[in-house]
Every structure is written in structure tokens, then in C-alpha cells.
1. Report, to the nearest whole %, how much of the accessible area of the chain belongs to carbon and sulfur atoms, 1.4 Å probe, protein only.
2. Which whole-number value in Å² is the accessible area per residue of the chain, probe 1.4 Å?
3. How many lysine pairs are close in region 1-101, with Cα atoms under 16 Å apart and the two 8 or more places apart or on different chains?
4. Under a 10 Å cutoff between Cα atoms, tell me which one of L33, L56, L66 has the largest fluctuation in the Gaussian network model of the chain.
5. Among I74, W39, T89, whose Cα lies farthest out toward the positive end of the dipole of the chain, if unit charges sit on the beta carbon of Lys, Arg (+1) and Asp, Glu (-1)?
6. Top mean-square fluctuation among G53, G72, G38, Gaussian network model of the chain, C-alpha springs under 10 Å?
7. With charges set only on the Cβ (+1 for Lys and Arg, -1 for Asp and Glu), what does the dipole of the chain come to about its Cα centre, in debye to the nearest 20?
8. Cα-Cα pairs above 18 Å in the chain: how many percent?
Amino acid sequence: EDAQAQRHDFAKRLQTFHVSTFAAKPPCLSPLLCARFGWCNADEDMLSCPTCGAALSIEIPKTPSLGPKIIGRIVAKYREQLVKNHHNTCPFSRDMASLLYLNTSDSA
């Protein structure tokens, strides 16, 4: 797939994200990054991959009593799932190296 087609596909994925269905996420789970790793916003807090059909629910608990450390762990797990949740045959499932370069301090 050429670079122009990849940019077009990325833009199409990004256009699926709306404040009403995907809001209040930390920077490492932003619509830009989710679309970069192949995800579309399918429903409230729900992502889907148009390439492999995988789905991923991202619900960040809004319970202050959990504390930032626990929320940070939850967010880090979701960030990892941006790659790992794709089916093995999906090209986005092999993009872990790119994910590792993301700033982990943005996880919470």
C-alpha cells in the first residue's frame, strides 16, 4: 500500500472519532494515536479495526478513589492493547515497535 493510500485510510479512521463517543482519554489514547494504530471509533468508548474486525473497549474509570497510580496501570494496559488486540494476521498487530516509542509519562 502506498503512502498516499495509507494517509487516506488514516484520515478516514480519524473522522470516526467524536467527542460524544470518545472523550476524556489521556494523550496516549487520543483519537490520533488510536487511528494511527488502525482503530475506528465504533460506539461509545468502543474501537474497531476495519482491517481485521477486532474490537476494543476503552473505559477509563472515573473513580477518584482508585488513585493516579492504578489509573496509570489501566491506561498503560489499554495502550498496549492498541497493538495486541488486533488479530495475528492484521498488519497493525506487528506495530509494537512504534508503540514502544510513545511517551509513557502521557499514560495518565
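1. 55
2. 61
3. So the count of such lysine pairs works out to 4.
4. Between L33, L56, L66, it is L66 that shows the largest mean-square fluctuation.
5. The residue sitting farthest along the positive end of the dipole is I74.
6. Looking only at G53, G72, G38, the biggest GNM fluctuation is shown by G53.
7. Values: 12 positive and 10 negative charges, 63 e Å.
Its charge dipole is roughly 300 debye.
8. Values: 2735 of 5778 pairs.
So the pairs more than 18 Å apart make up 47 percent of the total in the chain.
The values are calculated or read from the model by the stated rules, or taken from the named source; none is laboratory data. Quick caveat: nothing in here was measured; it's all calculated off a predicted structure. We place every Cβ from the backbone using ideal geometry, glycine too, and count neighbours over all the protein chains shown. The accessibility values were calculated without ligands, DNA or RNA, using every heavy atom of the protein model including side chains. Shrake-Rupley method; radii C 1.70, N 1.55, O 1.52, S 1.80 Å.
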